[in-house]
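Written below as structure tokens is the structure these notes are about.
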Amino acid sequence: MTQTDRELHEPAASDTNSDPAATVRHEWDGRTLPALVQADAPGADLAAWLGRHHDLADDLAHRAGAVLFRGFAVTGPDEFRAVMDALSKDVLEYGERSSPRTEVSEGIYTSTEYPADQEILLHNEQSYTENWPMRIVFCCERPALSGGRTPLADSRRVLAALRPETVAAFEQRGVQYVRNYLPGISLSWQEAFQTEDPDQVASYCAAEGISVEWAEDGHLRTRQVRPAIHRHPVTGDRTWFNHAVFFHVTSLPEEVSQGLREALPEEDLPYNTYYGDGGVIEDEVLAELRAAYAAETTGFDWQRGDVLLVENMITAHAREPFQGPRRILAAMSDPARTNPVNDPTN
């Protein structure tokens, strides 16, 4: 055993699922993200293990930024929901949506339903909102035949890699997100806000600091300004926590980005980002941000039954293109609200 391994050997039990043991590795296959919790006996009960070692799981998530649980008996939505209930008393619904998902059971969703040949860039779940999940958790029901990994990047290290002047600009100005809900191009406002009532959308947006505008053709346009940098409420770590790159129009495949900009005026693009005061984010800054993400990206191959706990404010996640059937479930927990690092109340 290396110094970075920690073994948890429980007393033998007649039913191994009732009192499972596991080995914790902070480093494995040359990586420290995610930490690995490997069941000593195949098919052990992860919910039971978490019941015994909840504090350890929290500590691993806060230190490493993500934890991969492997070798446990988590093969479908019911077992996954039991895991979520063991992790948190507050499993969340998916609100203020930006991507298509299907609810499989209460609080359990499919991962983003984009075509298999498309990459999903690194992002921190719902960092564009005022109210995001502290954790997003994935469960592999079926790995892809090839590809389909869920890359990760430590958002603390991404922030540390940026030039001081870049950090200062985003701390002072924040990020502005502009969305147009265009049927056939992006999510409809009905799906994004889970209502058919425009008045409910207006009420929600007013409460969440989102400006609402109905364009001449009748589609909805929203604008919201959010901090780019936050401090984790438990660890105190400063972290790059935003969708500035993810929602920028130039982050789309080049042919898609070019086609949209030729077909639509800038104010009607499905998604775009600016500095919080409306200023254009410079090309060299976008390149710097992308390079920082790329330098910190790591990944692993999914195995059936894997559960990945991502500490959302610390670690960004993505999706690689894939071939063959792939089914990853997702759930979110533990709501948090805006608390930027430059807030004098911090």
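The values are calculated or read from the model by the stated rules, or taken from the named source; none is laboratory data. Not measured: the values here are computed from a predicted model. Glycine gets a Cβ as well: all are built from the backbone with ideal geometry, and neighbour counts include every protein chain shown. Each accessible area value is taken on the protein alone, full model and side chains, heavy atoms only, with ligands, DNA and RNA left out. Shrake-Rupley method; radii C 1.70, N 1.55, O 1.52, S 1.80 Å.
Here are a few things to note about the model shown:
- Matching residues, region 153-196, being without any contact (Cβ under 8 Å) to a residue 60 or more places away in the chain, farther than 16 Å from R231 by Cα and in a helix (DSSP H, G or I): P164, E165, W189, Q190
- Taking the criterion of being open to solvent by less than 50 Å² (accessible area, probe 1.4 Å) and part of a strand (DSSP E or B), the residues of region 197-238 that qualify are I210, L220, R221, T222, Q224, R226, I229, H230.
- Here H317, H243 are screened, and the one residue that is touching a residue at least 40 places away in the same chain (Cβ under 8 Å), under 26 Å from S188 (Cβ atoms), assigned to a loop (DSSP other than H, G, I, E, B) and not aliphatic (A, V, I, L, M) is H243.
- Region 274-319: number of residues that are crowded, with 19+ Cβ neighbours inside 10 Å and within 20 Å of the chain's Cα centre (by Cα): 20
- The set of residues in region 55-76 being farther than 20 Å from D40 by Cα and modelled with pLDDT under 95 consists of G76 alone.
- Residue ranges of strands (runs of 3 or more DSSP E) in region 44-143 with at least 2 members under 17 Å from F246 (Cβ atoms): 120-123, 131-142
Let's see how each residue does on (1) of a type outside the set (D, E); (2) closer than 11 Å to A330 by Cα; (3) out of contact with any helix residue (DSSP H, G or I) (no Cβ under 8 Å at 6 or more places or on another chain); (4) surrounded by 15 or more Cβ atoms within 10 Å (Cβ to Cβ):
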| residue | (1), (2), (3), (4) |
| --- | --- |
| E103 | no, yes, yes, no |
| E106 | no, no, no, no |
| P115 | yes, no, yes, no |
| L122 | yes, no, no, yes |
| P133 | yes, no, yes, yes |
| F138 | yes, yes, yes, yes |
| L145 | yes, no, yes, no |
| R149 | yes, no, yes, yes |
| A153 | yes, no, no, yes |
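- Scanning region 239-270 for residues that are farther than 26 Å from R157 by Cβ and either touching a strand residue (DSSP E or B) at 6+ places or on another chain (Cβ under 9 Å) or buried (at least 22 other Cβ atoms within 10 Å of the Cβ) (or both) turns up V249, L264, E266, E267, D268, L269, P270.
- Screening A336 on (1) within 30 Å of D85 (Cβ to Cβ); (2) of a type in the set (A, V, I, L, M); (3) open to solvent by 20 Å² or more (accessible area, probe 1.4 Å) shows it passes everything except condition (3).
- Test: residue in region 274-295 that is closer than 27 Å to A116 by Cβ, modelled with pLDDT of 95 or more and assigned to a loop (DSSP other than H, G, I, E, B): no
- Residue selected from region 77-113 under the condition in contact with a Pro (Cβ under 6 Å, 6 or more places away or on another chain) and not small (G, A, S), by the criterion modelled with the lowest pLDDT: E113
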